[in-house]
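Shown next, in structure tokens, is the structure this report addresses.
Computed from the coordinates by the stated procedures, all read-outs in this text should not be read as laboratory data. This structure is a prediction, so every number in the text was calculated from the model and none was measured. Here the Cβ positions follow ideal geometry from the backbone for every residue, glycine too, while neighbour counts run over all protein chains shown.
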Amino acid sequence: MTLSTEKMEVELAVAIEVDGKHVTSLKLSRPKVKHLKKIEAIENDFEKAVLLVSILSGLSIDSVEELDASDFATCSEKIESVMAKKPQITGEK
């Protein structure tokens, strides 16, 4: 049995600059338990979401904070959608 490990792509409504590069989309890794453990100690839910988007996208927290609010919401919704359902099976072993 193999689980889907495809990254989730988010097209940004408003591009950002990251290290001098124009970024128009983000690729988010699927959250793993190790990622959730890293955010566990944070009490503020919004700060948890910022850190999780940073971890899964590979962006710095400063870059995540430059995202347009609607783009941040889209990233958060994508992450929540995969956490709310069982992993998709892509094949059998």
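A simple rule links phi to the HN-Hα coupling: the Karplus curve 6.51 cos²θ - 1.76 cosθ + 1.60 with θ = phi - 60°, which for the range 24-29 gives 10, 8, 10, 10, 9, 6 Hz, with x for Gly and Pro. A DSSP coil position with no more than 14 other Cβ atoms inside 10 Å describes the following trypsin sites (Lys or Arg not before Pro) in the range 1-81: Lys7, Lys32.
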